[in-house]
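See below for the structure under consideration.
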């Protein structure tokens, strides 16, 4: 099948990348999946991401139905992020990416050792 601009616009991969394609989104989802769900902890785990960028990416993931934000009425206020069912559905995809990344890293390592 020949790819056209119209085909690309309607492509499920394109749609997926529009939702999780931000620079930090996959890592944010990964951290939240592993229980790191407060902004300060996420910020600490992603030191190269600016606070503004993290805020933007978290808001986009919330807007797209991947994350829920829960605000606790405490002083000081506490905010936590959780995966929605739609976000949970991404977990196997991320796990498949991790397997691929591990296998790829091993081939690179083997290639370097052979040189």
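Please enumerate the residues belonging to the range 72-100 that are over 13 Å from the mean Cα position of the chain (by Cα) and either more than 24 Å from residue 40 (Cβ to Cβ) or exposed (fewer than 11 other Cβ atoms within 10 Å of the Cβ) (or both).
Selection gives 72, 73, 74, 75, 76, 77, 85, 96, 99, 100.
Which is within 23 Å of residue 15 (Cβ to Cβ) and part of a helix (DSSP H, G or I), of 95, 103?
Working: 103 fails: within 23 Å of residue 15 (Cβ to Cβ).
After ruling out the rest, the residue left standing is 95.
Give me a count of the residues in the range 62-82 that are under 24 Å from residue 97 (Cβ atoms) and out of contact with any helix residue (DSSP H, G or I) (no Cβ under 6 Å at 6 or more places or on another chain).
Of the residues in the range 62-82, 4 are under 24 Å from residue 97 (Cβ atoms) and out of contact with any helix residue (DSSP H, G or I) (no Cβ under 6 Å at 6 or more places or on another chain).
Give the range 35-54 a look and list any residue that's in contact with a helix residue (DSSP H, G or I) (Cβ under 8 Å, 6 or more places away or on another chain) and either part of a helix (DSSP H, G or I) or exposed (fewer than 14 other Cβ atoms within 10 Å of the Cβ) (or both), or say none. If you could, list the steps in order and put the result at the bottom.
Of all residues in the range 35-54, those in contact with a helix residue (DSSP H, G or I) (Cβ under 8 Å, 6 or more places away or on another chain) come to 36-37, 39, 41-43, 45-46, 49, 51, 54.
Correct list: 39, 41, 42, 43, 45, 51, 54.
With loosely packed, with under 15 Cβ neighbours inside 10 Å and at pLDDT 90 or above as the only criterion, which of 69, 9 stands out?
Values: 9 fails: at pLDDT 90 or above.
After applying the criteria, what remains is 69.
The values are calculated or read from the model by the stated rules, or taken from the named source; none is laboratory data. Model, not experiment: these values are computed from the prediction. Neighbour counts run over all protein chains shown; Cβ positions are idealised from the backbone, glycine included.
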